[in-house]
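The values are calculated or read from the model by the stated rules, or taken from the named source; none is laboratory data. This one's a predicted model, so the numbers in the text were calculated from it and none came from an experiment. No Cβ is skipped: glycine too gets one built from the backbone with ideal geometry, and neighbour counts run over all protein chains shown. Surface areas here come from the heavy atoms of the whole protein model, side chains and all, with no ligands, DNA or RNA. Shrake-Rupley method; radii C 1.70, N 1.55, O 1.52, S 1.80 Å.
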Amino acid sequence: MTDSIALQLKSLPEKPGVYRFLDENGVIIYIGKAKVLKKRVSSYFTKTHDDYPKLRILVPKIRDIQFTVVDSEWEALLLENSMIKQFRPRYNAMLKDDKSYPWLAVSKEEFPRLYYTRNPNPKKEELFGPYASLRFMHTLLNTLLILFPIRICKVLQKNERPCLQYHIKKCAAPCAGFISPEEYKENIQKIIKIIKGNHSEVLRQLKAEMMHFAETWEFEKAQTIKEKIETLESYRGKSVVVNPEISYCDVFSIEEGNNNAFVNFMRIVEGAIVQTCTLEIQNNLENSKEELLLMAMAEIEKRFGLLSHEIIIPFHIGLNKEKTNFTVPVRGDKKKLLELSQKNAKISLLEKQKRQELADPERHQTRILLALQKDLEMANIPKTIECFDNSNTQGDEPVGAMVHFKNGKPDKKEYRHFIIKTVIGPDDFASMYEVVKRRYSRLVEEKKPLPDLVIIDGGKGQLNAAHQALTELNIQDKIMLIGIAKRLEDIYKVGESLPVFIDKKSESQKLLQRIRDEVHRFGITHHRKRRSKKSIHSELDDIKGIGTVTKEKLLKHFKSVAKIKAATFEELAAVIGDAKAKLIR
C-alpha cells in the first residue's frame, strides 16, 4: 500500500457511496458500492485475501481511489450499476444483455399499433417485456388483437374505403375515420392494462359497458362485449400460475456457475407472470451471491422501472430499501413462485453449459480437471485417473476392482478385476496392498505409462497400504495418491492428518465421487457374480473329466446329487457310459 493510498483511506467518509479503483495509467479497474465507504474500502488493504486469488491480483494494481457519496445503499447500488456499464472495468462482474428476448411494443402515434419486436426502441415505442417464452407472448398478443380491433398496418394512409381487416372485424378502420382518436386511445389504454396484468380493472369496465348497452337495448353491441369478456376471462384463467390474491410482487432467484451466474426475475400481478427476464452475470472477482443478486436487482429496476413494494428472494441480502418488504418464503404460494423462478435460472445455466460443451466438447472436462489439479495441488493436470476398491462378504470370495478414467471420462477397456490370492479372511488393508502392487508392478515391467492420479476407496489404512505397495516399486513420487473415506467422503493424502478441503458441491468433488461410485459398482458386480457362481457349485464340478453336458444328463435323469451318489454302476453307465460311470463311482 502506497503512502498516497494510506492518506486517502484516512480521509474517506463514513457514508454510503460508490468507490472506484484506478491503476497507474488512471484507468478504472474496479467499481464497488458500500454501505460505509471508509470501512469497505479499507478492508481491501487491511485484510488478507488468501481465499480470493483475483483480489490478490487486483489490490497491488490500485494507485488511486475515487468515490461518490449518496444518500442510501440502494442509491449506491443503482449508481454502481450505471458506472459499471459506462466504464466496463476489467475486474467487475459484468451483466450480459438479453436483447434477443421479444418485447411487446405500442407505437407512439395518433393511432398506435401493437406488435412484438426484438430490437426495442424506447424513443419510438412504449415497451413491455421482455418475454422469455415466445409462445406466451404470442398468446397474449393474439388475445389482445381479438379483444380490441386496432390497426396492424405499418403505415397509416387515409382511405375512404377500409381494407379487408375492417370487414373481418380485426381493425376499427382509423384510416377511414370509423373510430375517433379518443375511443381508439381508450382501447389502447385497456390493452396496456392487460399487458401489465390488471385484468380485473378491464373486466369491470367491459362489464359496465355491456350492462349499459343491454339497458339501452343495443343487444348486438352487448353481445360483442360479452364475447370479449369471455375471451379475457379464458386467457386470465390460463395465465394464473398461483393464488390470484398475490396482487403485485417481484421474484428474484440466482443460480451460480463457475465464473458466472444467472439471475431470474419475474413480475407477478394478480397471480400471473406479466414480465420475466434472466440475466447472465460474469463474476470476474468472485463476488458473493448477495452481491450478484443486488447487482441484478439494480439492473432490473433500470430496465423495467421501480421494483414492487414486495420482493421475494431466496435468502436475506442485508439491504434496507424504503417502502420495500423483502420476503424469504419457506412454504405456500410464494414459495412455489420462488421455486419456479429458481427452475428458470437453473435451466438458463444448464443451457449455457450445454452450448459450451457442444461448441467445444473438451472444454468442459478440461475445466473440471484443472479445478481438480488446483484443489489437490498437483504439478500436472490429472489426465489419467485410476481408482481401486475391494469387495468381500466376511472374507468370502474377496475381489478387487480398478476403473480407469481418461480426460475425465471412463475408459472401460482399461477396467480390471482382481481375484485376491494372498489374503485369507476379511483383511481390507492387505487386499488393497496386493491389488495395487500387482497392478503397478505389471505396468513397470511392461514399461507402460503410469496414471497421474490414483484414488483409493477407503480410509487411511487402505491409503497407507497402497502407498507401501508404490514405495516398494519405487514409484511413490511419480503418482499422486489420495483416499476417499467412506463415511464423510473426506479426501486424504498420505502423511496428512487433516483432510483436503474441497467444496462438497464443486465439480472436482463430483468427479471424484463419480469415479468412486463407478469402481464401487464395477467391484460389487464382479463379487456378486462370483458368489452366485459358487452358490450353484456341486460335487460333480470337482470330478475331473465330467463336463457340463455330462452333469446335465445326470441331473436330468437322477434329479439330485444325492440320488446320483446312491445309483449303481449299471444305472450310471446306462445314462453316461462305462468310462464316465467309473469316474463318477
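Here are the numbers for the structure shown:
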| quantity | calculated |
| --- | --- |
| Tally of residues being at pLDDT below 85 and exposed (fewer than 14 other Cβ atoms within 10 Å of the Cβ) across the stretch 384-418 | 4 |
| Condition met for Ile150 (part of a loop (DSSP other than H, G, I, E, B), under 30 Å from Ser247 (Cα atoms) and either open to solvent by less than 20 Å² (accessible area, probe 1.4 Å) or in contact with a Phe, Trp or Tyr (Cβ under 7 Å, 6 or more places away or on another chain) (or both)) | yes |
| The stretch 451-471 residues that are at negative phi and basic (Lys, Arg), paired with ones that are open to solvent by less than 10 Å² (accessible area, probe 1.4 Å) and modelled with pLDDT under 95 (beta carbon under 8 Å, 6 or more apart) | Lys460/Gly483 |
| Qualifying residue in the stretch 227-248 (condition: at pLDDT 80 or above, in contact with a strand residue (DSSP E or B) (Cβ under 9 Å, 6 or more places away or on another chain) and either charged (D, E, K, R) or open to solvent by 90 Å² or more (accessible area, probe 1.4 Å) (or both)) | yes |
| From Ile564, Ile515, Ile502, residue being in a helix (DSSP H, G or I), of a type in the set (A, V, I, L, M, F, W, C), modelled with pLDDT of 80 or more and under 30 Å from Asp411 (Cβ atoms) | Ile515 |
| First in the stretch 182-193 and at positive phi, second anywhere and in a helix (DSSP H, G or I) and open to solvent by 10 Å² or more (accessible area, probe 1.4 Å), Cβ under 6 Å, 6 or more apart | none |
| Residue match in the stretch 465-486 (condition: in a loop (DSSP other than H, G, I, E, B), crowded, with 16+ Cβ neighbours inside 10 Å and at pLDDT below 90) | yes |
| Helices (runs of 4 or more DSSP H) enclosed by the stretch 1-111 - at least 2 residues per element that are modelled with pLDDT under 80 and under 29 Å from the mean Cα position of the chain (by Cα) | 53-58, 73-87 |
| Any hit, the stretch 166-180, residues being open to solvent by less than 30 Å² (accessible area, probe 1.4 Å) and in contact with a strand residue (DSSP E or B) (Cβ under 7 Å, 6 or more places away or on another chain) | no |
| Leu144 open to solvent by less than 20 Å² (accessible area, probe 1.4 Å), without any contact (Cβ under 8 Å) to a residue 60 or more places away in the chain and not in a loop (DSSP other than H, G, I, E, B) | yes |
| Test: residue in the stretch 294-305 that is in contact with a Gly (Cβ under 6 Å, 6 or more places away or on another chain), open to solvent by less than 80 Å² (accessible area, probe 1.4 Å) and closer than 28 Å to Lys54 by Cβ | no |
| Matching residues, the stretch 193-208, being over 23 Å from Leu141 (Cβ atoms) and of a type outside the set (Lys, Arg) | Ala208 |
| Candidate set from the stretch 264-290 (those that are under 15 Å from Ile84 (Cβ atoms) and modelled with pLDDT of 85 or more); member that is most open to solvent (accessible area, probe 1.4 Å) | Glu280 |
| Failed item in (1) open to solvent by less than 50 Å² (accessible area, probe 1.4 Å); (2) out of contact with any strand residue (DSSP E or B) (no Cβ under 7 Å at 6 or more places or on another chain), with Met137 passing the rest | (2) |
| Filtered residues of the stretch 324-334 (kept if more than 22 Å from Ala298 (Cα to Cα) and exposed (fewer than 15 other Cβ atoms within 10 Å of the Cβ)) | Val330, Arg331, Gly332 |
| Residue in the stretch 38-50 that is open to solvent by less than 40 Å² (accessible area, probe 1.4 Å), closer than 20 Å to Glu299 by Cβ and small (Gly, Ala, Ser) present | no |
| Neighbours by Cβ (under 9 Å, 6+ apart or cross-chain): first from the stretch 158-181, among the aromatic types (Phe, Trp, Tyr); second open to solvent by 80 Å² or more (accessible area, probe 1.4 Å) and not in a helix (DSSP H, G or I) | Tyr166/Phe178 |
| Residue within the stretch 488-510 that is closer than 16 Å to Phe388 by Cα, exposed (fewer than 14 other Cβ atoms within 10 Å of the Cβ) and out of contact with any Leu (no Cβ under 9 Å at 6 or more places or on another chain) present | no |
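Residues checked against (1) under 60 Å from the mean Cα position of the chain (by Cα); (2) touching a residue at least 40 places away in the same chain (Cβ under 8 Å):
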| residue | (1), (2) |
| --- | --- |
| Asp541 | yes, no |
| Lys559 | no, no |
| Lys563 | no, no |
| Leu572 | no, no |
| Gly577 | no, no |
| Leu583 | no, yes |
